[in-house]
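Participant: Structure incoming, see below.
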Amino acid sequence: MKPGRYIIPKGTYRLTDKLYLTKNTKIIMDKGARLLLDHNAGFFINGRTGDSFTGYDGNGNITIEGGTLDGNLTARYKHYNAIGLARGQNIVIRDVEIIDVRGAHAMDINGCKDD
């Protein structure tokens, strides 16, 4: 995703690939907004394979707010982290419901800090 503010209105949306969050990204999901996992990885990650960050210089200034992340447990069989964030700063996750995650972490947040 490009940096910016994204608003997801009420409704159910099939997610067919994970969303790569870049710095300065804000996702606001309205009450009743639901992302339904329809692939074998997670919902959000703040880096791509091959990215190399040290300290806290990864993609930061990220907010994920509201809504439901539905891991679709009855249809998804591989293990995944719903949200995987590393090496960033100023990350806010607020009022998000995470349900039916298979075999890993709802949130895996590693080496992050808040100024």
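Participant: Search segment 52-70 for residues being surrounded by fewer than 21 Cβ atoms within 10 Å (Cβ to Cβ) and of a type in the set (S, T, N, Q), and hand back the single one that is nearest to Lys10 (Cα to Cα).
Facilitator: Looking at the filtered set, the residue picked out is Thr68.
Participant: Let me ask you something else. Within segment 16-115, considering only strands (runs of 3 or more DSSP E) that don't extend past its boundaries, which have at least 3 residues that are within 12 Å of the chain's Cα centre (by Cα)?
Facilitator: Of the strands (runs of 3 or more DSSP E) lying wholly inside segment 16-115, those with at least 3 residues that are within 12 Å of the chain's Cα centre (by Cα) span 25-29, 62-65, 68-70, 83-86, 91-94, 107-110.
Participant: Further question on the same structure: For segment 82-115, give me each residue that is among the acidic types (Asp, Glu) and surrounded by 15 or more Cβ atoms within 10 Å (Cβ to Cβ).
Facilitator: First, the residues of segment 82-115 that are among the acidic types (Asp, Glu): 95, 97, 100, 108, 114-115.
If the condition is that a residue be among the acidic types (Asp, Glu) and surrounded by 15 or more Cβ atoms within 10 Å (Cβ to Cβ), then Asp100, Asp108 are the ones that fit.
Participant: Suppose we filter segment 3-15 for residues that are among the basic types (Lys, Arg), outside any loop (DSSP other than H, G, I, E, B) and more than 19 Å from Ala82 (Cβ to Cβ); how many remain?
Facilitator: As a first pass, look at segment 3-15 and keep what is among the basic types (Lys, Arg): 5, 10, 14.
Narrowing further to those that are outside any loop (DSSP other than H, G, I, E, B): 5, 14.
Subsequent filtering for residues that are more than 19 Å from Ala82 (Cβ to Cβ) retains 5.
Residues in segment 3-15 being among the basic types (Lys, Arg), outside any loop (DSSP other than H, G, I, E, B) and more than 19 Å from Ala82 (Cβ to Cβ): 1 in total.
Participant: Could you list all residues from segment 59-84 that are of a type outside the set (S, T, N, Q) and modelled with pLDDT under 90?
Facilitator: Leu73, Ala75, Arg76, Tyr77, Lys78, His79, Tyr80 - these are the residues of segment 59-84 that are of a type outside the set (S, T, N, Q) and modelled with pLDDT under 90.
Participant: Quick check on Asp108: is it of a type in the set (Asp, Glu) and out of contact with any Ser or Thr (no Cβ under 6 Å at 6 or more places or on another chain)?
Facilitator: Numbers: of a type in the set (Asp, Glu): yes; out of contact with any Ser or Thr (no Cβ under 6 Å at 6 or more places or on another chain): yes.
For Asp108, the condition - of a type in the set (Asp, Glu) and out of contact with any Ser or Thr (no Cβ under 6 Å at 6 or more places or on another chain) - is met.
Residues are listed down the side, and each one gets a yes or a no for (1) buried (at least 16 other Cβ atoms within 10 Å of the Cβ); (2) within 26 Å of Arg102 (Cβ to Cβ); (3) touching a residue at least 40 places away in the same chain (Cβ under 8 Å); (4) among the aromatic types (Phe, Trp, Tyr):
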position: Gly11; (1), (2), (3), (4): no, yes, no, no
position: Asp17; (1), (2), (3), (4): no, yes, no, no
position: Asn24; (1), (2), (3), (4): no, no, no, no
position: Leu35; (1), (2), (3), (4): yes, yes, no, no
position: Gly50; (1), (2), (3), (4): no, yes, no, no
position: Asn72; (1), (2), (3), (4): yes, yes, no, no
position: Tyr80; (1), (2), (3), (4): yes, yes, yes, yes
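The values are calculated or read from the model by the stated rules, or taken from the named source; none is laboratory data. The shown structure was predicted, so the numbers you read here are calculated from the model rather than taken from an experiment. Counting neighbours? That spans all protein chains shown, and the Cβs are built from the backbone with ideal geometry, glycine included.
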